[in-house]
Amino acid sequence: MGLQVRRGNWKTSSVTECLRLRAAPLLSGTYTEAIGTELFSATAELSRVAGWAAFDSGRHEEAQRRFVQALRLARAAGDVQAEVFGA
């Protein structure tokens, strides 16, 4: 279990940094509707991965926030498939 926790910590910080530094600034940019849909879907998936990494490392409140974020992003993208799977 210790190894799994360490892996979760590494993944969480890496993915969270990508969300904060790369994805979030792009979401506030200007783009076509098609690009926006893809961008929000990809960011939803990244948020979902961050959620599972946080969950795996025992940070359940952070995981819940990331899962809710992923669901909202999936909805904004109109990504029904991601919504069905809890983003």
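For the stretch 21-42, a residue qualifies if it is of a type in the set (S, T, Y) and assigned to a helix (DSSP H, G or I), and the qualifying residues are T37, S41. Consider the stretch 73-87 and keep the residues that are more than 10 Å from S41 (Cβ to Cβ) and surrounded by 14 or more Cβ atoms within 10 Å (Cβ to Cβ). The one that is modelled with the lowest pLDDT is E83. Of the residues making up the stretch 30-72, those that are over 16 Å from C18 (Cβ atoms), in contact (Cβ under 8 Å) with a residue 24 or more places away in the chain and open to solvent by less than 70 Å² (accessible area, probe 1.4 Å) are G36, T37, D56, S57, G58, L71.
The values are calculated or read from the model by the stated rules, or taken from the named source; none is laboratory data. Model, not experiment: these values are computed from the prediction. Every residue, glycine as well, gets a Cβ built from its backbone with ideal geometry; the counts of neighbours run over all protein chains shown. Accessible surface areas use protein heavy atoms only, side chains included; no ligands, DNA or RNA. Shrake-Rupley method; radii C 1.70, N 1.55, O 1.52, S 1.80 Å.
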